[in-house]
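First up is the structure itself, then whatever we jot down about it.
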Amino acid sequence: NFGLAYGMSKFKLSADLDISVKEAENMIETYFNTFPRIRTFLFGLAKYALLHGYSQSFPPFLRRRYYPNIDQYDQATIDAHLSGIVFKPGLGRIERQAKNQPIQGAGSDLIKLAMWLVYKYIRAHNLQDKVSILLNVHDQLTTDAEPDFAEEWAIKLDALMCEAALQVIP
């Protein structure tokens, strides 16, 4: 699922799953036929990056990733690549990165905002002796709470995470 969403080729899927290239190709087609809006969304992200030279995370942050190597391609080559007439590996790389960046960027924005909300809540409610933020890895925020406060904290942490998500993914 993740690989397909980020532009995994039939060759990579075939190797990863130890199936034929034809089976992998059919699996990819089935996936995108089942979820056509995902195909449209991802193609739109890739096309935007090729036409504008950057991709960006979602509102409200809109962090940009620029693709300086796009300058080596003229508009006719980009148009031919987008229409499927020719395939340029460098443009394919930009397409894959452009599909990935907004999704990964949104996750990054969300977890940073969640950490800030949790930190502010702990300070505002003088809970430093009951709760501490231990670490975050990708989209996971790990905290530690005193046993007598753990259940209450789990509910509040969930609410704070949801609050962050609603600001990033309305």
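The values are calculated or read from the model by the stated rules, or taken from the named source; none is laboratory data. Keep in mind that this is a model prediction, so the values were computed, not measured. Positions of Cβ are generated from backbone atoms using ideal geometry, with glycine treated the same way; all protein chains shown enter the neighbour counts. Just the protein is used for accessible areas: all its heavy atoms, side chains included, with ligands, DNA and RNA removed. Shrake-Rupley method; radii C 1.70, N 1.55, O 1.52, S 1.80 Å.
When the residues of the range 107-123 are filtered to those that are in contact (Cβ under 8 Å) with a residue 12 or more places away in the chain and out of contact with any helix residue (DSSP H, G or I) (no Cβ under 9 Å at 6 or more places or on another chain), the one that is farthest from D139 (Cα to Cα) is Y119. Exactly one residue among W153, W116 is more than 30 Å from A5 (Cα to Cα), modelled with pLDDT of 90 or more and not aliphatic (A, V, I, L, M), and that residue is W153.
If D158 satisfies all but one of (1) in a helix (DSSP H, G or I); (2) modelled with pLDDT under 95, what's the number of the condition it fails? All conditions pass for D158, except number (2).
Scanning the range 15-31 for residues that are open to solvent by 80 Å² or more (accessible area, probe 1.4 Å) and not in a helix (DSSP H, G or I) turns up just one, D18. Surrounded by 15 or more Cβ atoms within 10 Å (Cβ to Cβ), hydroxyl-bearing (S, T, Y) and under 22 Å from S83 (Cβ atoms): is that true of S9 in this structure? Yes: the conditions hold for S9. If we only count helices (runs of 4 or more DSSP H) wholly inside the range 36-155, which ones have 2 or more residues that are surrounded by 12 or more Cβ atoms within 10 Å (Cβ to Cβ) and of a type in the set (S, T, Y)? Here the list reads 89-124. Residues of the range 156-168 that are open to solvent by less than 100 Å² (accessible area, probe 1.4 Å) and not acidic (D, E): K156, L157, A159, L160, M161, C162, A164, A165, Q167, V168.
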